[in-house]
Each structure stands twice: as structure tokens, then as C-alpha cells.
Amino acid sequence: MTDVAQIRLIAQREFLERVRSRVFIWTMIGLSVLVIGGMFLAGLIGSEAQALRLGVAGESPEGIVEDIGAAALAFDVDVVVTEYPSVDAASAAVESGDVAAVLVDGSTILSNRSPSGDTVAILTSAANAGVRRDIASDLGLSETDLAAILVPVQVEVVELDPEDPEEIARTVASFLSALVLLTTIMLFGQFVAMGVVEEKQNRVVEVILSKARTTSLMVGKVLGIGALGLIQIATLGLAAMIGLALAPLPDLGVPDLTSIGITAVLWLGLWFILGYLVYSFLYATLGATLTRQEDMQSVAFIPALLILPAYFLVSFSLSSPGSNGLVTIGSFFPFWSPILMPYRINTGDAELWEVLVSIVIVVVTVILLVRFGARIYRGAALRTGTKVSLRQAWLAAED
Amino acid sequence: MLEVANISKRFGDVVALRDVSFEVRPGRIMGFLGRNGAGKTTTMRTVFGLVAPDSGSVTYDGAVVDHDVRLAFGYMPEERGLYPRMRVRDQLVYFGRLAGLSKGDAGTSADRWLDAFGLADRSHSKLEDLSHGNQQRVQLAAAIVADPEVLVLDEPFSGLDPIGVESLSEVLRGFAAGGTAILFSSHQLDLVEDVCEDVTIIDQGEIVVQGDLEHIRERAPYRRVEIWVDGRLWEPPVADVRTVEASGRAHHIVAADVDVDEMLSMAQASGSITRFSYEPPSLSDIFQEAVLR
């Protein structure tokens, strides 16, 4: 039996034994329902929250509520207006988020933060309307003339450097992708470590290693669990698409994520595989030094610490798009590139040669990790009792 | 023929094996004896490449035992272990295929052994749902499912009830009859005596006795004597006599060149003989002579 055939057999076992388990099937169903259901729920809540909630308080000009309604109509915005008996009550309502803004005394706008353009425009023109009506009646203008005067002028805004909705979509998608990559790589990496410890703990590892090379066992295990990870991601991706297509999602200004395109999804898949390989072999190596599942905590933090800076770099770069130097350098570091390179690809910042170079670096790293890991594995596989240090395991297995 | 030649291994300052050599021939069952920590498990692990010896070699039919050669070997480690949540039959098929059987052949063989061990109705149970004894049977089945040419079993009889012991002995004899070379370790000397043709005794990492069991017994420089005079065990007044007590019953070990007639007359002189036996030493006598002296 060739090594390749053995690796395939081992991978198959890892995959099938997990796929068949009830826990896995129910987790998948549960997560899919959660994703689709969550989108429907967001749709329902979102459509109710459509109307702009405004308030008035203090010594408002006469007919202010109607004026706000008329102005809102002119700006094509739905509003709900609440009258507050006192300025204090209005402030409390603003602070608690019941209303977006309150017009006080017809001359002040109360708002938690800088109010939206619509809010300012509607409240200002409504406040003006009361004042103008008084002046008009002093001048003896007819109702019709007054109505014509009160129609607010709609000033068109021309953005010289407009936000490209597609670019926003790309950035959001890049961040979400980075997040998905990070969590799945960590999750399935941990599965690998758990699988390794399990085999050691129930001692089946001695039977297997009497038949298969350490490398075959390690690679087979990583590939089998990785295939499971791909299926899980694909299922969740499919659930998300079903949700996007079916759920009554309101236009909340959320960019259309489906505009990202199939190429980006394929890149994402490739980087998941690369990142998963780097981290799962690391996890397998660390897992081999343990003898009990309970000791998992003592090594699981190492890969987590290693990957975390990549997440921070993505977050920083999202909030200040200018500072990309660190992200660029980091995208060539094999433990970060699976997060940072796809982020750069998605934001359209990476050159093809850069991508290829970082892929080569990652592949070389994986090969080195397999060789290093196999030796540790061999040195530690038959150790029982306490945790074995990497050094002890390395020395125990002479080639 | 499996040949272990001049294997030495140190773990730090501890010498685990010193110049260990023996051979297991096709169709023969070799018992591998020694006290705890004598080096039995380490020796067996070197056969499977699980422990790399510092020097020496393991060969099979003249070829160095590597990964490919080992596929024809079956192994049951002392530390039992299979996948607890995997179905019994799937598990056997997996180990059969890992050793190179086709899916179909592995299935046929798995069914055959499950049937032979009375586990046919548990084929689709998870291993962890089986009783301890049945798990042990599955473990044995995993070692033999690929019809190995060499079978290495570390303490296969430990934890078995008398019926289990008998059925395992039968399986071993069957494989030996089919030409398999078998090496197994055990503490149960009477069992080894019953099943094995060859024995190897290891003590503190060194081989102290080795060969055909009948031969060893015949050639031993001492004899087992049990003489009762007037209903009591009588100690022969010869040089170097040793009293051995086994399962509550005592006998003596004397040098092989002691004159039996003379010993008998001395016994007769001291009373009336109620029991007399004089025979080559048992395996237990040999083990004690080799390891405890």
C-alpha cells in the first residue's frame, strides 16, 4: 500500500467518522437555520425601524408638528413626531434613543451625535416655516402665496469624491472574510489538535503507527478534517446566500455583498486551505505533546497569540485606510498572510506577484511544519503520563 | 523468518536493551518472558519502528524491516487502544485496509473474525458499547484481520477469562499452522508452556535463555524432584538443593548430575516413600533459575 493510499484512507476515516456523528449534522442544521433565520429577523426589525423618529419640546411655533410632516414629505422621508411636555423629557428621550433628534423652542436641535443631513434639513425648514408664516400674515399674503413660499427648496448634493458603494462593499466583505477565515482556521485547527490528543489518550496511535508513517497519519488527519471545514464553510455560505435572496431585507445602506463575485470567493477558499494547513499542522504538533484532552488549554493559546496580530492589523487598516504599510509587510509573514493577503486582494491592493510570493512562502512553511511536526509526533506519540516538552520530543525521535 | 539481531537501546542513563538477538521462525510460536521492565515491550516496539534502536537490526527474510515490510505484520500493543466511538466492523475494515487489503477483502476478513469471536451481532455497535472482554477480542481481530505473516502480541492473555484464554490459544495455533511466525509476551508461565514451542527469557535488557522449550528443559543442568517420605516433603541431602514453592506446593531443584538411585535409597532409609517424581524442570523453574538467581 502506497503512502498516498494510506493518507487517503486516514483522511477518509477522519472525515466520515465526523460527518456521520449526530453532533456534526445537528450543528450544521442549527447554524444554517440560525444564519437564514437571523436574516429574516433582521429584515423584520429593520422594516419597522424605517421611519425617522423626531420630537418637539419647549415653546414651539404654532403648527410645528404639521410643518415637520410637510417638510418630511417634501424630502421624501417617513417621520414619526412626538411632542414632549418638557425639555428634560425630550433630552431623556434623545439620550435613550427613542428619537433621533428633538427641536427645542423652534431654534435648537438636540441630538446625541451629529444629526443626519435629513434630520437637520427637515427640522430647519419646519422651524423656518413657522417664522415665515408670521411674517407672511403681517404682510397680508394669501394662503396660496404662503404655501408656495413654504415649499422647501431641494438643494441637490453633488459629491466630488463619492463613496463607491462597491468599494464599501469590498471593504466590508474583506473584513468579514478575514473574520470568517480567522475563526474557521482556529476552529478546525483545534479539531486537529483534539483528534491527535484523542488518539494518544485512547492509545490507538500505537496500532496505527505500527502500520503507517507518522507523516501519513498527520497529513491524513489534517486533510480529512480540512475537507470537513470546507464543507462546513460552503454550507454556511450557501445558507447566507439563501438568506440574502429570500429574506425581506430592507435597504439599510448595507452594501450588496453579492457584488463581490465568484473570483473573490475562490481566493477565499484558497486562503482558507493555506491558512488551515499552516495552523492545523502547528496544532497537530502541539497536540502531540499532550496526553490528555484536559491539558488542551496549555497549548491552544500559542496559535491564537500567533494569529491575533493579523486580526488587529485588519481592524486598524479598516478604521484608517491610509496606514497599509504594516499590512503589506505582514501579508508575507506565513502565519499572517492567510488573513492579510486575502484582505489585500479583496480591497484591490495586492499585485499578483505579491500574492504568488506569499503563497510560495506559505507552502514552504507548511512543508517545514510537516517535517518538524512529524518528528515531534514520533518522539511524543508513545509517551504517556505528563505533557512532553517540544525539546524532549524532538530529542526522543532521532532520524 | 523474523530476525532481531544485536539490538541495544538506552533511554538516558538507563540501558533498556543490551545486545538482544533472537529469531521467530514461520509456523512457530515464541513465548517472550521477563519480569516487568525487563525490556519486552521495548523489544517489540523496535520491530515496529516505534522505538529506534541505538544499534542492531531487525530483518524479515533477510530484508531490513521498514514501513512496507511491516504491512505484513500484525501487532497488538500492551496498551490496548482502538477508536471508542467507531463501529466495530468499520474499525476492523479500516485496519485491514491500512495493512493493504482491498475494501472487499478487508470486509470479508472482518466478518470472518467477528463471526469466529461470536461478535457478528455487534458488528455495527460502537466499540465503547462492548464489554471489556469483547473489546479485547476486537483488538485481537484488528491485529490479525490482514492475515499477517508475523504476529507480535504484547501480553495478549492478560485480562482474559479461561474461555477467552482457550479461544486465543486456538487462534494462535491456527495461525502457526498456517505458517505465521508468532511472538508473544506473557507472565502466565503455565500458559506459555502450553502454547509455545520456543521461548526467550529477557532479564534487565539481556536475553538469558532462548530456544526450543523441550530442548531447554532437557538440557537444563538441574532437575525437578519431589519426594514425599511418610506423607511429608523430604529434602534430599545433596549439595545445592533448592526449595521452590509454586501455588502452595513445594518441590526441590537439584543438579542434573545427582545420582537418582542414591537419592532414592537415602529417602528409603529415612522412611517409607509416599510420592516420588524426578523430571526436567518446568518453564516456571527455568524462569526462576534464569531471572531470580
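The values are calculated or read from the model by the stated rules, or taken from the named source; none is laboratory data. Computed from a predicted model, the values in this text were never measured in an experiment. Backbone-built Cβ (ideal geometry, glycine too); neighbour counts: all protein chains shown. To get the accessible areas, we keep the full protein, side chains included, count just its heavy atoms, and leave off ligands, DNA and RNA. Shrake-Rupley method; radii C 1.70, N 1.55, O 1.52, S 1.80 Å.
Things to note:
- Test set (1) away from chain A (no Cβ under 14 Å); (2) more than 27 Å from B:GLY179 (Cβ to Cβ) - B:GLY81 fails condition number: (1)
- Within the range A:374-390, the residues that satisfy the criterion of being open to solvent by 60 Å² or more (accessible area, probe 1.4 Å), away from chain B (no Cβ under 14 Å) and either closer than 18 Å to A:GLY195 by Cβ or part of a helix (DSSP H, G or I) (or both) are A:LYS387, A:LEU390.
- Restricting B:TYR75, B:TYR94 to residues that are aromatic (Phe, Trp, Tyr) and either more than 9 Å from chain A (Cβ to nearest Cβ) or over 29 Å from B:VAL195 (Cα atoms) (or both) narrows the list to B:TYR94.
- If you filter the range A:80-115 down to residues that are open to solvent by 60 Å² or more (accessible area, probe 1.4 Å) and small (Gly, Ala, Ser), you find that the one that is farthest from A:VAL151 (Cα to Cα) is A:SER96.
- Of the residues making up the range A:67-82, none is acidic (Asp, Glu), within 14 Å of chain B (Cβ to nearest Cβ) and touching a residue at least 12 places away in the same chain (Cβ under 8 Å).
- Checked against (1) surrounded by 15 or more Cβ atoms within 10 Å (Cβ to Cβ); (2) at the interface with another protein chain (Cβ under 9 Å from one of its Cβ atoms), B:ASP68 meets all criteria but (1).
- Residue among B:THR46, B:THR41 that is in contact (Cβ under 8 Å) with a residue 60 or more places away in the chain, out of contact with any helix residue (DSSP H, G or I) (no Cβ under 9 Å at 6 or more places or on another chain) and not basic (Lys, Arg): B:THR41
- Pairs with Cβ under 6 Å, 6+ apart, first in the range A:87-116 and touching a residue at least 40 places away in the same chain (Cβ under 8 Å), second in a loop (DSSP other than H, G, I, E, B) and among the polar types (S, T, N, Q): A:ALA101/A:SER111; A:GLY106/A:SER60
- From the list B:LEU101, B:LEU92, B:LEU2, B:LEU114, the one residue that fits, being touching a residue at least 60 places away in the same chain (Cβ under 8 Å), crowded, with 21+ Cβ neighbours inside 10 Å and among the hydrophobic types (A, V, I, L, M, F, W, C), is B:LEU2.
- Scope the range B:141-169; condition out of contact with any strand residue (DSSP E or B) (no Cβ under 6 Å at 6 or more places or on another chain) and surrounded by 23 or more Cβ atoms within 10 Å (Cβ to Cβ); matching residues: B:ALA141, B:ALA142, B:VAL145, B:ALA146
- Count - residues of the range A:333-373 that are assigned to a loop (DSSP other than H, G, I, E, B) and either under 25 Å from A:TYR283 (Cβ atoms) or of a type in the set (Phe, Trp, Tyr) (or both): 4
- Scanning the range B:211-223 for residues that are under 23 Å from the mean Cα position of the chain (by Cα), buried (at least 18 other Cβ atoms within 10 Å of the Cβ) and among the basic types (Lys, Arg) yields a single hit, B:ARG217.
- Condition check for A:THR119: hydroxyl-bearing (Ser, Thr, Tyr), in contact (Cβ under 8 Å) with a residue 40 or more places away in the chain and within 22 Å of A:GLU62 (Cα to Cα): yes
- Checklist (1) surrounded by fewer than 22 Cβ atoms within 10 Å (Cβ to Cβ); (2) more than 18 Å from A:LYS211 (Cβ to Cβ); (3) out of contact with any Gly (no Cβ under 6 Å at 6 or more places or on another chain) applied to B:ASP198, failing item: (1)
- The residues listed here are A:ARG20, A:ARG53; of these, the one that is at pLDDT 85 or above and within 14 Å of chain B (Cβ to nearest Cβ) is A:ARG20.
- Inter-residue pairs, beta-carbon under 7 Å, first without any contact (Cβ under 8 Å) to a residue 12 or more places away in the chain and assigned by TED's automatic domain parsing to the domain that holds A:THR347 and in the range A:290-317, second open to solvent by 30 Å² or more (accessible area, probe 1.4 Å) and not charged (D, E, K, R), 6+ apart: A:PHE316/A:SER323
- Taken together, B:LEU153, B:LEU140, B:LEU127, B:LEU101 contain a single residue that is more than 23 Å from B:PRO84 (Cβ to Cβ), within 14 Å of chain A (Cβ to nearest Cβ) and not β-branched (Val, Ile, Thr), which is B:LEU101.
- For B:GLY81, the stated conditions hold: it is open to solvent by less than 50 Å² (accessible area, probe 1.4 Å) and part of a loop (DSSP other than H, G, I, E, B).
- Here the range B:47-56 is the region considered, the condition is being in contact with a strand residue (DSSP E or B) (Cβ under 6 Å, 6 or more places away or on another chain) and closer than 22 Å to B:THR180 by Cβ, and the residue that is nearest to the other protein chains (Cβ to nearest Cβ) is B:PHE48.
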